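Shown next, in structure tokens, is the structure this report addresses.
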Amino acid sequence: MRILVTGGAGFIGSHVVEAYLAEGHDVHVIDNLATGRRANVPEGAVLHEVDIHSAETERIFAEFRPEVVNHHAAQASVKVSAGDIVHDLEVNGGGTARIADLCVRHGARKLIYSGSGGTVYGNPDALPIAETHPLRPVSNYGMSKLVGEMYIALKGRMDGLDFTILRYSNAFGPRQDPHGEAGVVAIFTGRLLAGEPCTIDGDGEQLKDYIYVGDIARANVLALTKGGGRTLNIGVGEGTSVNTIFRTLKDAVGIEAEPRFGPLAREALGWRAEVSFEDGIRRTVDSFRR
Ligand SMILES: NC(=O)c1ccc[n+]([C@@H]2O[C@H](COP(=O)([O-])OP(=O)(O)OC[C@H]3O[C@@H](n4cnc5c(N)ncnc54)[C@H](O)[C@@H]3O)[C@@H](O)[C@H]2O)c1
């Protein structure tokens, strides 16, 4: 099958490309390397270093004539989206609308989309989250990823484009960038291997669903032939706390370490401890002595 993967030089997209190549498909990648890396693109795939908004992208559709398009290119950082609402909407909303439109105009059979189960639902009413849960994002990123989904569904209704929307929970695994806006697993793994301390914000007991990137790639292989017209959550269906992640990682790395807990009170109260442990002990002994 001829498959065009956008964002195939990124963390998740590169695993999807690898899985498609392993199944014997003919894979082309579109990626502007905004956050992706050339070295991530598996051997055997053809990389076009272009932007999804560019005229080049349409030329690639016309020449390669993909049967399936798998759309992973995105501005994928919640934090960056908070600082630039328009750029985020242009890439994730407008960019996805364009890709869906190109699929229709160039006769692609199906569009597979990387939705965001971690952000489109907002603060969940109950766990695990069902696909029928109300959609009320609480970030610019979550909103723009939802706009992308809605354009795809629109092209389904208007033009009969087949699609599968896969809403991933929080992905982790090889090639996740620990220096960027990465998830906690990549950040902690990098720090533990470097012998650096890890900081946990809050009490570390908040639960989130973490999904291994290889399982995501497999869902993208299955979606080539199944799940037409469906929107599906892709997660393990259970929550893991940051404390559990830290403990599991330090065992896997094989070192003794304790996490630091982040300075919540500093944010809320402008408070921080000023007396060192030794100084406090000295003051205590002095007072008992008196
Ligand atoms: N990481 C997660 O936990 C997670 C969860 C749910 C959904 N997603 C979605 O999965 C997809 C991949 O995310 P990721 O974590 O691998 O991030 P990533 O930043 O590694 O991948 C995004 C890729 O898109 C490319 N790109 C960005 N803008 C582009 C443009 N205008 N034209 C061409 N290429 C462009 C980047 O260079 C990068 O290679 C995104 O759509 C993201 O929204 C990620």
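Nothing in this text is a laboratory measurement; each read-out follows from the coordinates by a stated rule. As the structure is a computational prediction, the values presented were derived from the model and not from experiment. Ideal geometry is used to build each Cβ from the backbone, glycine not excepted, and the neighbour counts take in all protein chains shown.
In straight-distance terms, cross-link reach from K250 covers every one of the lysines whose alpha-carbon lies under 21 Å from its own, apart from those fewer than eight places away in the same chain; here that gives K208.
Projecting label points 7 angstrom from Cα along Cα→Cβ for R230 and L193 puts them 3.6 nm apart. Say we join alpha carbon atoms closer than 10 Å with springs in a Gaussian network model of the chain; which of V275, V91, V68 then has the biggest fluctuation? Fluctuation is largest for V275.
Segment 107-155 and segment 208-233 have Cα centres lying 14 Å from one another. Out of segment 9-64, which trypsin sites (Lys or Arg not before Pro) are coil in DSSP terms and have no more than 15 other C-beta atoms within 10 Å? Counting only loop positions with at most 15 other Cβ atoms within 10 Å, the trypsin sites (Lys or Arg not before Pro) in segment 9-64 are R37. Selection among I216, Q206, L154 by position relative to the dipole of segment 142-234 gives L154 as farthest towards the positive end (Cβ unit charges, Cα centre).
Rounded, prolate or oblate: which one fits segment 1-72, using the alpha carbon gyration tensor with axes a ≥ b ≥ c (rounded when a/c is under 1.5, else prolate when a/b beats b/c, else oblate)? In terms of gyration-tensor shape, oblate.
Would you mind calculating the relative contact order of the chain from Cα pairs under 8 angstrom and at least 6 residues apart, reporting the percent as a whole number? Intermediate values should be presented prior to the final figure.
Numbers: 510 pairs, mean separation 47.0, N = 290.
That works out to 16 percent.
How much of the DSSP beta bridge set in the chain is antiparallel, as a percent to the nearest 5? In the chain, DSSP labels about 5 percent of beta bridges as antiparallel. Using a Gaussian network model on the chain with a 10 Å cutoff between Cα atoms, which of S81, S276, S116 fluctuates the most? Between S81, S276, S116, it is S276 that shows the largest mean-square fluctuation.
Taking Cβ atoms as reference points and 13 Å as the exclusive limit, the residues near K110 contribute a net charge of +2, counting Lys and Arg as +1 and Asp and Glu as -1.
When the chain is treated as a GNM with alpha-carbon contacts under 10 Å, the residue of L89, L193, L102 showing the greatest mean-square fluctuation is L193. In units of the compact-protein estimate 2.2 N^0.38 Å, segment 1-134 shows a Cα radius of gyration of 1.08.
Candidate cross-link partners of K110 among the lysines, defined by an alpha-carbon separation under 20 Å and a same-chain spacing of 8 or more, comprise K145, K155, K226. Rg then Dmax, both in Å and based on the Cα atoms of segment 57-171: 14.4, 47.
With all pairs of separate Cα atoms included, segment 93-154 yields a Kirkwood hydrodynamic radius of 12.5 Å.
Cβ-Cβ distance of E49 and E238, R₀ of 41 Å, FRET efficiency by 1/(1 + (r/R0)^6): the value works out to about 0.55. Using only the Cα atoms of segment 128-224, build the gyration tensor, take square roots of its eigenvalues as a ≥ b ≥ c, and label the shape rounded, prolate or oblate: rounded if a/c is under 1.5, else prolate if a/b is larger than b/c, else oblate. Prolate, since a/c reaches 1.5 and a/b exceeds b/c.
Put simply, the Cα atoms of the chain extend 87, 39, 32 Å along their principal axes, the longest span coming first.
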